[in-house]
Amino acid sequence: MSGGGKITAAQPARRKLQRQRSLWGEVWRRLRKNRLALAGMGFLIAMLLIAVSTIVIDVASNNRIYDDYVIKQNLRLRLQGPGLKYPFGLDEFGRNILFRMLWAARYSLFMGTAAIVISTIIGGVLGALAGYYGKIADNGIMRFMDILLAIPSMLLATAIVAALGTSLINVLIAIAIAYIPTFARTIRASVLTIKDQEYIEAARALGAGDMRIIFKYIVPNSMAPLIVQATLGVAGAILSIAGLSFLGLGIQPPTPEWGSMLSGARSYIREGWHITVIPGLGIMLTILALNVLGDGLRDALDPRLKT
């Protein structure tokens, strides 16, 4: 009897796990039908593997590869076009553009993702509190978010970096702050539609506290729009990082970064087209991959779309 009792007690948890698996299985089934989204995911996975590989190579070689192929200058061959020996050509200082593009990927991907993770956590908490409690909390939090939204994100990030100084941490902080209002509004809108549902009332009747209701019931059920917004937000963050570096407020030379590569190459665009086109393509393809993946996730996570 005890064994039967244990099985019976475990059944609700097992059924919940099965429902979660079937939900994400259905999302994956829908996403697989979107070939464009899958292509974007494949490109991003490849870029992520490249970014991680550059870190491993730096550690394994004690930065010798970085010194010899990424920042080493060869002024005699400066502005050499793409060829067999140098597939992406050499830049204005004779540095290998292929290696610089590969090493620059980690700054754009990791910093963009880290900034959006910070924005998601802070903005999600603020939006959840504003939507759940309403009234004074909602007015106070959201009016402050409206003030931040009134300033273009790129302009706000530029002002913060200019005030704090140019460094990787300051760029990360600036971009994270600039994107907090977007996530706060996204979560608030979801909370407003969820907090009056019957299962929330049932949890409240059973004695669940506000924080438990918010973080165990409301926030998990608001993840779908948050995931989509985060995917699209990473694209915007990468573009902001490139923009700040282009203006000289982001990652500083000789550290490779797509925006700073464009900034240094703009004076030589007539002598060597490749030194501007290739970094620009890197930015464009990464943003495009994130956007099509975000669109695919939006369609896959929308329960109203039965495909």
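Some points to look at:
- Pairs with Cβ under 6 Å, 6+ apart, first in the stretch 91-113 and touching a residue at least 40 places away in the same chain (Cβ under 8 Å) and more than 18 Å from residue 230 (Cα to Cα), second surrounded by fewer than 19 Cβ atoms within 10 Å (Cβ to Cβ) and charged (D, E, K, R): 92/78
- Counting only helices (runs of 4 or more DSSP H) wholly contained in the stretch 134-202, the ones carrying 1 or more residues that are of a type in the set (Gly, Ala, Ser) and either under 30 Å from residue 254 (Cα atoms) or under 17 Å from the mean Cα position of the chain (by Cα) (or both) occupy 153-164, 168-194.
- For residue 137, the criteria (1) buried (at least 22 other Cβ atoms within 10 Å of the Cβ); (2) over 20 Å from residue 232 (Cα atoms) hold in every case but one, which is (1).
- Annotation: of all residues in the stretch 66-89 being within 15 Å of residue 264 (Cβ to Cβ) and free of Cβ contacts under 8 Å to residues at least 40 places away in the same chain, the one that is surrounded by the most Cβ atoms within 10 Å (Cβ to Cβ) is 78.
- Only a single item in (1) surrounded by fewer than 18 Cβ atoms within 10 Å (Cβ to Cβ); (2) at pLDDT 90 or above; (3) closer than 30 Å to residue 286 by Cβ is not met by residue 189, and it is number (2).
- Matching residues in the stretch 56-109 - criterion: being among the polar types (S, T, N, Q), within 28 Å of the chain's Cα centre (by Cα) and in a helix (DSSP H, G or I): 108
- Selection of helices (runs of 4 or more DSSP H) fully inside the stretch 222-307 by the criterion of at least 3 residues being at pLDDT below 90 and under 22 Å from the mean Cα position of the chain (by Cα) returns 223-246, 274-301.
- Yes/no for residue 123 being assigned to a helix (DSSP H, G or I), crowded, with 20+ Cβ neighbours inside 10 Å and either hydrophobic (A, V, I, L, M, F, W, C) or modelled with pLDDT of 90 or more (or both): yes
- Of all residues in the stretch 34-54, those that are touching a residue at least 24 places away in the same chain (Cβ under 8 Å) and within 16 Å of residue 113 (Cβ to Cβ) have Cβ atoms under 7 Å from Cβ atoms of residues that are surrounded by 18 or more Cβ atoms within 10 Å (Cβ to Cβ) and among the basic types (Lys, Arg), 6 or more apart or on another chain, in 51/106; 54/106.
The values are calculated or read from the model by the stated rules, or taken from the named source; none is laboratory data. A quick note: this is a predicted structure, and the numbers were derived from the prediction, not measured. Note: ideal-geometry Cβ built from the backbone for every residue, glycine included; neighbour counts use all protein chains shown.
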